[in-house]
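Step one of this worksheet: look at the structure below.
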4 protein chains.
Amino acid sequence: MSAATLRTCFTPTVSAMFFASDNWAGAHRSIAERLLAESAGFAPAYGAGELDKQVEARFCEIFEREVSVFFVATGTAANSLSLASVQRPGGITFCHSEAHVIEDECGAPEFFSGSARLVAVDGEAGKIDPAKLSAKIANFPEDALRHGRASAVTITQATEIGTVYSLPEIGEIAAISRKRNLPLHMDGARFANALIALGATPADMTWKRGVDMLSFGGTKNGCWCAEAIVFFDPERAREMPFIRKRAAQLFSKSRFIAAQFDAYFENGLWLDLARHSNGMADRLRAGIGASNAARLAWPTASNEVFAVISKRAAKTAEEKGAKFYAWPVPAATPELVSEGETLIRLVTSFATTQADVDGFLKCLAA
Amino acid sequence: MSAATLRTCFTPTVSAMFFASDNWAGAHRSIAERLLAESAGFAPAYGAGELDKQVEARFCEIFEREVSVFFVATGTAANSLSLASVQRPGGITFCHSEAHVIEDECGAPEFFSGSARLVAVDGEAGKIDPAKLSAKIANFPEDALRHGRASAVTITQATEIGTVYSLPEIGEIAAISRKRNLPLHMDGARFANALIALGATPADMTWKRGVDMLSFGGTKNGCWCAEAIVFFDPERAREMPFIRKRAAQLFSKSRFIAAQFDAYFENGLWLDLARHSNGMADRLRAGIGASNAARLAWPTASNEVFAVISKRAAKTAEEKGAKFYAWPVPAATPELVSEGETLIRLVTSFATTQADVDGFLKCLAA
Amino acid sequence: MSAATLRTCFTPTVSAMFFASDNWAGAHRSIAERLLAESAGFAPAYGAGELDKQVEARFCEIFEREVSVFFVATGTAANSLSLASVQRPGGITFCHSEAHVIEDECGAPEFFSGSARLVAVDGEAGKIDPAKLSAKIANFPEDALRHGRASAVTITQATEIGTVYSLPEIGEIAAISRKRNLPLHMDGARFANALIALGATPADMTWKRGVDMLSFGGTKNGCWCAEAIVFFDPERAREMPFIRKRAAQLFSKSRFIAAQFDAYFENGLWLDLARHSNGMADRLRAGIGASNAARLAWPTASNEVFAVISKRAAKTAEEKGAKFYAWPVPAATPELVSEGETLIRLVTSFATTQADVDGFLKCLAA
Amino acid sequence: MSAATLRTCFTPTVSAMFFASDNWAGAHRSIAERLLAESAGFAPAYGAGELDKQVEARFCEIFEREVSVFFVATGTAANSLSLASVQRPGGITFCHSEAHVIEDECGAPEFFSGSARLVAVDGEAGKIDPAKLSAKIANFPEDALRHGRASAVTITQATEIGTVYSLPEIGEIAAISRKRNLPLHMDGARFANALIALGATPADMTWKRGVDMLSFGGTKNGCWCAEAIVFFDPERAREMPFIRKRAAQLFSKSRFIAAQFDAYFENGLWLDLARHSNGMADRLRAGIGASNAARLAWPTASNEVFAVISKRAAKTAEEKGAKFYAWPVPAATPELVSEGETLIRLVTSFATTQADVDGFLKCLAA
């Protein structure tokens, strides 16, 4: 079977109700075409080419300050190497108990950090509770040899469950971190979606609020593979070239990452794509909110929607070709889901269409 | 400056004498177009899609047996994770003293292997000397707690200096390795170039000669990022999914790696590309061999050519736009280069043209 | 100040109310004298001597089966290297939320295990709750790449808060572990105290109940430095010589560890010492139970006693020279301690005397 | 068989010709008795006691400056953790090609350093050749991402083959290291023997010549287990408490290490012991030099003697109870040993007697 045949399989004539994850989507046409255009010619390898430098400069513009940028292959690499760069022996990184770093990365953050531990902090709506963070950090006094040492804090924006930290909320976490000199990292796998949800600028949502390091994700929002680590204090990035190289994350033909980012940023494409996917999620939210056959599990603001639907409706939707994942019912709120119901996650992407959303909503009503 | 402008910079009207490295080239048009085509539609993430499976099956065909295949982001990752998969506490991997793993990977092989050591073995023509390998291995008896333990052997095919192990030579290294149950790894960053040089089949050059694991490189030969680890005994690959995930090397949109390999293998494109670049190197070798102003430093068989030229000629070539690296004169053969001369490395690629080669040769004669 | 003077400081004429920890005590005279005796003569280094072998054989007798024994320098080393020996990439070890491995070892278990994660399981009385363990393990299905992999379970006997798993309780944890093929490790820093508390044999409390690896601690019970890792299946210990050596835990004059264990085991000294310290704890428990000025925080069975006393009494006791640590009030039971009171931990040792205990009880009554 | 019986085995009535290693000896009586004395009483654990602090102060006196001192369990730990404290990603430590760190520690230095590589430097007489060190370091320019980064230099004093760096030689290595800001570590497993050989003070042989970190060994010279890491710049030791604790090298009853050092230093015992063992080696050297049946393989200055003897003499000596190791003939000097001869290493210790030496010499003559 050729790839062309395959693509047909995944492009149904009427609608493609693919809500399993935003990384099931392909790449936006502008980005794919830029890759094609970039395929000709020659350029220095390992990030030394002009395009790499241009894109790095573009990052500085976008963040309104000098930043250090490091392309890597995956979001897991971006998170893990950011945190590794601030590692200390016996170090501890505080994250939300549902964070990607602790739930979905198979121990990579610890592996690259010389076994620094992740300590989970609870908090409603997928966000670290500031009081609980303070309390957890207090368990690790600076001179307490046995427990290990508080070394970093990481938050996810947008969160794993579709919510978004407000700017003051970020500031509050940053203030707590700064009291103990803990660098604050932001996992921005869905950074653009959060920006759109807040109507904030990249600078506002990061360093102006006290964020020190950012995993800047492009892959979920229309690139095929474009992840970057951004250091807001270049001095802190001093060791990163070696950390990245030793981690086998330095692309030889790095310019193809740069090319994706170049197209991603051109004329604000990245924000348009996030606006689109957030908008599709809004449409889903509205439709579910208005439905008798479903309800929102909790409010979300980005491109993820969590809904409680009847098992029957879930089955119907799947039979009609919809793709989505069941989501575990949070242990703290078992009452969220009644018998005969199921909790599902729906993720929209740049490639989601109104027809996809409407088709899915129609399944619910059926 | 837009990317379009940039490309112009690197596409001179007359000829592009870019011999710095095969990873200065872009991506072959067929591969780039396949990426473009693949950008539409949806597919399961993390390697679970149809295309990933098809390409894995293609690897089995190519190698004439069941193999386990793992895509990774870089050749360094392929080497490091292969070796990590056979790690033992206090383990030691034997490699040639000029191997990429020991010279150019910033400690990644050790890092991923839980600090397993690399022990360099000398040998002429960039190839491990079998007798010296035996002697080195003998320094590490199986029960010698203090010295560390022989754990793996790795060879590079084609080698870092453009030579190629013959099939019997591979078999000899494999036989020595097998005596001590040491898995044999092949760094195939330029695997296709070696195949063409030998006129061998992939099976012949690997498992039929006793190779256990292969870093199969596509990037240097026309892909933009397509590297795979191939295990000839799938049983040995049991831990690899976890090793790769923990190493932050599992692409979410893995199908874009698969798509590159799909186009790479289609109608034997990969072999055509290697045949082309080897052919361009042949043309360089012939031209240099016939030149009064240059000579070959040593015989090579793949797409790398090492030449001794006058410093004046080097300067002329550079002024005319040629790109190449000076290469350190091997400590063992200082007489190779006389005063006023310099040793250079010239690497051809799928994108090298006859005009490039002839233009360069003309510089020498000037 | 000479060491002799120092000892005077710490040997008050009337009574030494040192309840801070059992590792504040020195070494039992028989053990110290054996060390002195062993200081003469010569013996092969690195554990190859006769005495090492004899003591290994003694371990086999004590555990009524063939075992593999590895001396190490600290309890942390014993725990960390045991767990490292069953490491898998992305591995996860389940421990109680108050376990020494997660609370007091500065990340050593993760460090030696190639960053394997510790996952805390709650449970009353300092013991892993079997149902909660099952539930936690179920979060990590064998094929779930992202979450990491269940790799081991560790329990502490006696626990950190002075309680003791009953034999059926150990068996239940072992049965849950075995269902998923998870090796079961026991941190026996206070192994002898637990044995006495249960009236069990070493075999009963370990492999007969499904324990696979044991950190056998002698230091807290009268040795000055004698810790051993015991593997009940020698096959599982195959890699341990290398793991230990690479961990810098192989003593050159290993026979001095062996000598301590030799004296420790002679004529059942080790059980006598534990019986004594448990007995002193019984006396403390009885005295506190009968006191108006204090109460037991929770029932304990080994040589640790947790008491709630008035802050005034605590101050008095300290002024009279008593040494003990305040203990954090468990978050789950804040009502345990009223205003004006404090929770303290009292640890008895082989060196604790009736006069010490009675002296302390008198302070409470004062 | 009791330990008493065992000792008898190893204390032949006439003479104990144990030259296998200085760590076959036991502990000096004064040190063993101090341990016995220290066994009574109580003291704070984990190095917080008075005796620990006193001994640390004694180290400051001995080295004539403020130093930071960390007790560890083994020489391998001292070396590995010293080097780990100056680790950088992709780091490289330069050592002599016969150094203990690279030959005899099963990869521990790399393991604790996050996989920093050891690069061997040749040099005659077991000592790093300064010119070769400079050349090796030059292979790793500070900004060369691929090769890894020069991070430390380590020398062994006395060396593995019994020779001793002169003070100017140490200064020369230090000057080369300092040019690239590479911390200089000294493996002082036989530090006292080197001091005596040179007639130097501890300060002279270390920081006054540019040494930054020292593995200070007491075990081979009469303690049973007393190793310390000494930092001459306490600022550099900032992370060491955590590095040591995470490495499972913090003794709970740390005072028993302190007690050994206390006795070791008292009235210059340590220097007397080294003077004795060096003297016994002198006697061996003189005897062998004067013998017709043996010759010195190379000049040595510490307590190690390397001799070429006839295989027959070797057999005779072994039959008479002498213990020693055959030593591999250096690859560079195969002519050192003729047919029918063997190269052996003889190590004297504080416990070696004149009778032992004379007994052995007599075997040669037989």
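Here are a few things to note about the model shown:
- Among the residues of segment C:125-148, just one is crowded, with 24+ Cβ neighbours inside 10 Å and within 14 Å of another protein chain (Cβ to nearest Cβ), namely C:G148.
- Any hit, segment A:293-307, residues being of a type in the set (A, V, I, L, M), part of a helix (DSSP H, G or I) and modelled with pLDDT under 95: no
- For segment C:150-162, a residue qualifies if it is crowded, with 24+ Cβ neighbours inside 10 Å and of a type outside the set (A, V, I, L, M, F, W, C), and the qualifying residues are C:T154, C:T156, C:Q157, C:T159, C:G162.
- Exclusive hit being acidic (D, E) and closer than 30 Å to C:A135 by Cα, set C:E66, C:E38, C:E110, C:E56: C:E110
- Taken together, the criteria place D:A351 among residues that are under 19 Å from the mean Cα position of the chain (by Cα), outside the structural domain of D:A192 (by TED's automatic domain parsing) and part of a loop (DSSP other than H, G, I, E, B).
- Restricting the first member to segment B:94-107 and to residues that are among the polar types (S, T, N, Q), and the second to residues that are part of a strand (DSSP E or B), the beta-carbon pairs closer than 8 Å and six or more apart or on different chains are B:S97/B:A120; B:S97/B:V121.
- Residue match in segment B:248-256 (condition: touching a residue at least 24 places away in the same chain (Cβ under 8 Å), open to solvent by less than 20 Å² (accessible area, probe 1.4 Å), part of a loop (DSSP other than H, G, I, E, B) and among the aromatic types (F, W, Y)): yes
- Selection status of B:R244, more than 14 Å from chain A (Cβ to nearest Cβ) and either open to solvent by 20 Å² or more (accessible area, probe 1.4 Å) or part of a loop (DSSP other than H, G, I, E, B) (or both): no
- So D:A57, is it open to solvent by less than 20 Å² (accessible area, probe 1.4 Å) and in a helix (DSSP H, G or I): no
- Among the numbered conditions (1) assigned to a helix (DSSP H, G or I); (2) closer than 28 Å to A:G26 by Cα; (3) within 14 Å of chain B (Cβ to nearest Cβ), the only one that A:L284 does not meet is (3).
- Whichever residue in segment B:15-36 is within 15 Å of B:F256 (Cα to Cα) and touching a residue at least 12 places away in the same chain (Cβ under 8 Å) and, among such residues, is farthest from the other protein chains (Cβ to nearest Cβ): B:S30
- Any hit, segment A:169-187, residues being surrounded by 21 or more Cβ atoms within 10 Å (Cβ to Cβ), in contact with a His (Cβ under 8 Å, 6 or more places away or on another chain), touching a residue at least 24 places away in the same chain (Cβ under 8 Å) and not assigned by TED's automatic domain parsing to the domain that holds A:V305: yes
- Checked against (1) within 9 Å of chain C (Cβ to nearest Cβ); (2) more than 30 Å from A:K245 (Cβ to Cβ); (3) modelled with pLDDT of 95 or more, A:D122 meets all criteria but (1).
- For D:A120, the criteria (1) open to solvent by less than 10 Å² (accessible area, probe 1.4 Å); (2) of a type in the set (G, A, S); (3) touching a Cys at 6+ places or on another chain (Cβ under 9 Å) hold in every case but one, which is (1).
- Here C:A57 passes the criteria (1) over 30 Å from C:A355 (Cβ atoms); (2) touching a residue at least 24 places away in the same chain (Cβ under 8 Å); (3) of a type in the set (A, V, I, L, M, F, W, C) except the one numbered (2).
- Within segment A:192-221, the residues that satisfy the criterion of being crowded, with 21+ Cβ neighbours inside 10 Å, under 23 Å from A:S151 (Cβ atoms) and either of a type in the set (A, V, I, L, M, F, W, C) or more than 14 Å from chain B (Cβ to nearest Cβ) (or both) are A:T206, A:W207, A:R209, A:V211, A:D212, A:M213, A:L214, A:F216.
- Residue in segment A:295-313 that is of a type in the set (G, A, S), closer than 16 Å to A:A158 by Cα, open to solvent by less than 60 Å² (accessible area, probe 1.4 Å) and in contact with a Lys or Arg (Cβ under 7 Å, 6 or more places away or on another chain) present: yes
- Those residues of segment D:60-112 which are out of contact with any helix residue (DSSP H, G or I) (no Cβ under 8 Å at 6 or more places or on another chain), open to solvent by less than 10 Å² (accessible area, probe 1.4 Å) and away from chain C (no Cβ under 13 Å), in sequence order: D:G91, D:I92, D:A99
- Scope segment B:222-241; condition in a loop (DSSP other than H, G, I, E, B) and more than 9 Å from chain A (Cβ to nearest Cβ); matching residues: B:G222, B:A226, B:F232, B:D233, B:R238, B:E239
- Residue tally, condition part of a loop (DSSP other than H, G, I, E, B), in contact with a Lys or Arg (Cβ under 6 Å, 6 or more places away or on another chain) and among the aliphatic types (A, V, I, L, M), over segment D:41-54: 1
- On the stretch given as segment A:314-344, residues that are part of a loop (DSSP other than H, G, I, E, B), open to solvent by 80 Å² or more (accessible area, probe 1.4 Å) and not small (G, A, S) total 3.
- Condition broken by B:Q260, with the remaining ones in (1) over 21 Å from the mean Cα position of the chain (by Cα); (2) assigned by TED's automatic domain parsing to the domain that holds B:T154 satisfied: (1)
- Flag for B:S115 being within 12 Å of chain A (Cβ to nearest Cβ), in contact with a helix residue (DSSP H, G or I) (Cβ under 7 Å, 6 or more places away or on another chain) and either charged (D, E, K, R) or free of Cβ contacts under 8 Å to residues at least 60 places away in the same chain (or both): yes
The values are calculated or read from the model by the stated rules, or taken from the named source; none is laboratory data. For clarity, every value in this text was computed on a predicted model and none was experimentally measured. A quick note on method: Cβ atoms are made from the backbone with ideal geometry, for glycine too, and the neighbour counts reach across all protein chains shown. Side chains are part of the model used for accessible areas, which takes the heavy atoms of the whole protein and leaves out ligands, DNA and RNA. Shrake-Rupley method; radii C 1.70, N 1.55, O 1.52, S 1.80 Å.
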